[in-house]
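Comments concern the structure below.
The values are calculated or read from the model by the stated rules, or taken from the named source; none is laboratory data. It should be emphasised that the depicted structure is a prediction, and the values quoted were computed from it without experimental measurement. Positions of Cβ are backbone-derived with ideal geometry, glycine not excepted, and every protein chain shown enters the neighbour counts.
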Amino acid sequence: MGAILFIILVGVPIVEIALFIEVGGLIGFWSTIGVVVLTALAGTTLLRLQGLATLKKAQASLEQNRFPMDEVFDGLCLAVAGALLLTPGFFTDGIGLVLFLPPLRNFLRHHIARILAERGHVKVQTTGLNGGPGPVIDGEFEDITPSEDGSPERFDKKPGPNED
């Protein structure tokens with residue numbers, strides 16, 4: 001993990017500087033600055049359009065009583081893509097732009113899910129009302145129903161020696 005962080009924190013800026021020098025030498029200083037600003041504007045526009053579409057899909061999933069797992073992953077990818085496009089640089093812009101492609105996000109989602117299933121302890125069980133599909137949440141609860149006098153009546157207490 002330390003090597004990955006080192007590569008990201010040191011390698012990415014070195015690649016960005018090298019690309020700025022190369023692109024600046026090919027198209028000139030002001031054109032390079034213009035391209036960087038243009039990619040930031042394109043990134044915010046793409047983020048707004050795809051982010052709103054993802055939000056609508058998530059709301060539709062919730063209305064169907066289905067956890068929007070795909071939409072959450074897409075939203076995370078879009079947030080990372082937007083941050084990368086707002087970061088000045090051609091390498092980060094390239095990565096940010098490809099994260100806006102739905103086929104790539106689908107590939108990443110399935111690939112990461114497969115890795116988590118192989119390495120992690122992932123257990124997914126879905127049954128809903130009347131045996132249909134839907135999420136199951138395992139947990140403990142305490143049912144507190146108000147009694148006639150307004151005080152909570154606890155159903156989890158065990159009857160005492162004089163009670164039935």
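Got at least one residue in region 87-101 being over 30 Å from Ala18 (Cα atoms), at pLDDT below 90 and out of contact with any helix residue (DSSP H, G or I) (no Cβ under 6 Å at 6 or more places or on another chain)? Checked against the condition, which is being over 30 Å from Ala18 (Cα atoms), at pLDDT below 90 and out of contact with any helix residue (DSSP H, G or I) (no Cβ under 6 Å at 6 or more places or on another chain), region 87-101 yields no hits at all. Scanning region 91-108 for residues that are in a helix (DSSP H, G or I) and buried (at least 18 other Cβ atoms within 10 Å of the Cβ) yields Phe91, Thr92, Asp93, Gly96, Leu99, Arg105. Do the conditions hold for Gly25, that is, is it without any contact (Cβ under 8 Å) to a residue 60 or more places away in the chain, exposed (fewer than 13 other Cβ atoms within 10 Å of the Cβ) and out of contact with any His (no Cβ under 9 Å at 6 or more places or on another chain)? Judged against the criteria, Gly25 is a match. Is it true that some residue in region 89-96 is more than 17 Å from Ala40 (Cα to Cα) and under 15 Å from the mean Cα position of the chain (by Cα)? No, region 89-96 has no match at all.
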